[in-house]
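The values are calculated or read from the model by the stated rules, or taken from the named source; none is laboratory data. Because the structure is a prediction, the values reported are computed rather than measured. Surface accessibility is based on the protein's heavy atoms, side chains included, excluding ligands, DNA and RNA. Shrake-Rupley method; radii C 1.70, N 1.55, O 1.52, S 1.80 Å.
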Amino acid sequence: MSGSSATLTPPFRFALLAASIRPSDPPASVYRGSLPKHHNLAFLATLNLKTIVSVTPKPIDVYEVEAAALLDEKERAAEVEGRPSKRRRATSEVDFNDWAAREGISVIHVKVGAGKPKDGHIPFDTATVKTVLEVSLLRVLGTRTHN
């Protein structure tokens, strides 16, 4: 995904949560954002990420398969109705996990409750928050030496 003409679009609700500030520390940052889409990969590649922790009911690759199936279904319905297809799927789209592997990024899935309540938020419990923090801290601090 390293191309000079690529548009850099961060995932929805993307933000920097924490960054190392001491010059003696190796550079490390923690970001958050919603489920990355194909058009977000060029942006994510610029961050030199080491790990992506997916906190969702299903792993990222399941969402990709479901989205592709939905697009195929809409395209077939348009053809049956005699409407032109609006599908603009780029031939360069890649599987998220394949992209992450090529970029040297580990993808860790932490399962949360299935379904979204009416307010649109995915339910988290204390155990999930603890798991995410432990995984994140181990990944960030695990490479540092402690005195």
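Here are some notes:
- Residue-level accessible surface for residue 138, protein heavy atoms, 1.4 Å, Å²: 130
- For residue 107, the residues 5 or more places off, or on other chains, whose built amide H falls under 5 Å of its own are 52.
- Phi to ³J(HN,Hα) by Karplus 6.51 cos²θ - 1.76 cosθ + 1.60 over the range 19-29, Hz, x for Gly, Pro: 8, 5, 10, 7, x, 6, 7, x, x, 8, 9
- The HN-Hα couplings worked out from phi for the range 100-106 by the Karplus form 6.51 cos²θ - 1.76 cosθ + 1.60 (θ = phi - 60°) are 4, 4, 5, 7, x, 9, 7 Hz, whole numbers, x standing for Gly and Pro.
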